[in-house]
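Undergrad: Before I ask anything, here is the structure I am working with.
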Amino acid sequence: MENKNYQEDLQHIRKMMEKSSRFISLSGISGVFAGLFALAGAIYVYFFFKKNGVDYFEGTVKYYEKDFIVHLVIVAMIIMVLAISSGAYFTIKKSKAHHLQIWDATTKKLLYNFAIPLGIGGLFCAGLLYHGLHGLLSSATLIFYGLALFNAGNYTFSDIKYLGLCEMALGIASLFFLGYGLFFWAIGFGVLHIVYGLIMHKKYK
């Protein structure tokens, strides 16, 4: 009996330590919605290409007018805002349901470690746009986003590191298939997010 109580106490201590050192309010459903928004955006961009006479699956690196690029950037920004908003909503909802504090020192560390690679990646992508290197944008966004996820994995569920590695691998692969960036982007930000979100929801609900 004493041994059983000892094991239960150890498990309780481990859980308390995990709550204090890791952000465990992250919602798997938010990943699913982020993926759906990304896929919807990719489909919209594909038909936008088609409407403007661009054969995307021709597979060649294409160069577009400034107005065309601005439109694509706006679409990407809208998707990002929707993904972040849904992520915040479902994460706050989960934290309230489990009576967890959402804003503490761990949350700050998580956001800091996630934001640094993402911010650097954003500036790098801005440089690519400035020099007209549009064909490298897909690779750059996937690689830097993967780095941000891998970095953030130190302060939340470690499973997120695997998502980060997959995003980086896709980004590297995209470098060897220039002209198919939208396809890799849809897989990385769309399909992988949905699969990861469903796995996380089932594992940590």
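The values are calculated or read from the model by the stated rules, or taken from the named source; none is laboratory data. Fair warning: this is a prediction, and the values are worked out from it, not measured in the lab. Cβ: placed from backbone, ideal geometry, glycine included. Neighbour counts: every protein chain shown. What goes into the accessible areas is simple: the full protein's heavy atoms, side chains included, and nothing from ligands, DNA or RNA. Shrake-Rupley method; radii C 1.70, N 1.55, O 1.52, S 1.80 Å.
Undergrad: Checking the condition out of contact with any Asp or Glu (no Cβ under 6 Å at 6 or more places or on another chain) and closer than 21 Å to LEU72 by Cβ, which residue from PHE114, PHE177, PHE157, PHE150 passes?
TA: Just one listed residue meets the conditions, PHE177.
Undergrad: Among PHE124, PHE184, which is the only one that is farther than 30 Å from LYS108 by Cβ, modelled with pLDDT of 90 or more and not charged (D, E, K, R)?
TA: PHE184
Undergrad: Limited to region 105-121, what total is found for residues that are under 30 Å from ASP67 (Cα atoms) and out of contact with any Ser or Thr (no Cβ under 9 Å at 6 or more places or on another chain)?
TA: Qualifying residue count for the region: 6.
Undergrad: Out of region 153-205, which residues are open to solvent by 40 Å² or more (accessible area, probe 1.4 Å), closer than 18 Å to LEU142 by Cα and β-branched (Val, Ile, Thr)?
TA: Correct list: ILE172, ILE187, VAL191, VAL195.
Undergrad: Given the conditions (1) modelled with pLDDT under 75; (2) within 24 Å of GLY164 (Cβ to Cβ); (3) surrounded by 13 or more Cβ atoms within 10 Å (Cβ to Cβ), report the number of the one that TRP103 does not fulfil.
TA: (3)
Each row is one residue, and each column tells you yes or no for (1) hydrophobic (A, V, I, L, M, F, W, C); (2) over 24 Å from LEU39 (Cα atoms); (3) out of contact with any helix residue (DSSP H, G or I) (no Cβ under 8 Å at 6 or more places or on another chain).
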{"position": "GLY87", "(1), (2), (3)": "no, no, no"}
{"position": "ILE116", "(1), (2), (3)": "yes, yes, no"}
{"position": "LEU128", "(1), (2), (3)": "yes, no, no"}
{"position": "GLY132", "(1), (2), (3)": "no, yes, yes"}
{"position": "SER139", "(1), (2), (3)": "no, no, no"}
{"position": "GLY146", "(1), (2), (3)": "no, no, no"}
{"position": "ASP159", "(1), (2), (3)": "no, no, no"}
{"position": "LEU165", "(1), (2), (3)": "yes, no, no"}
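Undergrad: Do we have any residue at all in region 60-70 that's open to solvent by less than 60 Å² (accessible area, probe 1.4 Å), in a helix (DSSP H, G or I) and of a type outside the set (A, V, I, L, M, F, W, C)?
TA: no
Undergrad: Of the residues that make up region 163-185, is at least one over 24 Å from LEU133 (Cα atoms) and among the β-branched types (Val, Ile, Thr)?
TA: No, that holds for no residue.
Undergrad: Could you count how many residues in region 112-152 are closer than 22 Å to THR91 by Cβ, open to solvent by less than 40 Å² (accessible area, probe 1.4 Å) and of a type in the set (S, T, N, Q)?
TA: Residues that pass the stated criteria total 1.
Undergrad: Please count how many residues of region 26-59 are of a type in the set (S, T, N, Q) and in contact (Cβ under 8 Å) with a residue 24 or more places away in the chain.
TA: Within region 26-59, residues that are of a type in the set (S, T, N, Q) and in contact (Cβ under 8 Å) with a residue 24 or more places away in the chain number 2.
Undergrad: Let me ask something else. Exactly one condition in (1) aromatic (Phe, Trp, Tyr); (2) surrounded by 12 or more Cβ atoms within 10 Å (Cβ to Cβ); (3) modelled with pLDDT of 85 or more is not met by PHE47; state its number.
TA: The single condition PHE47 does not satisfy is (2).
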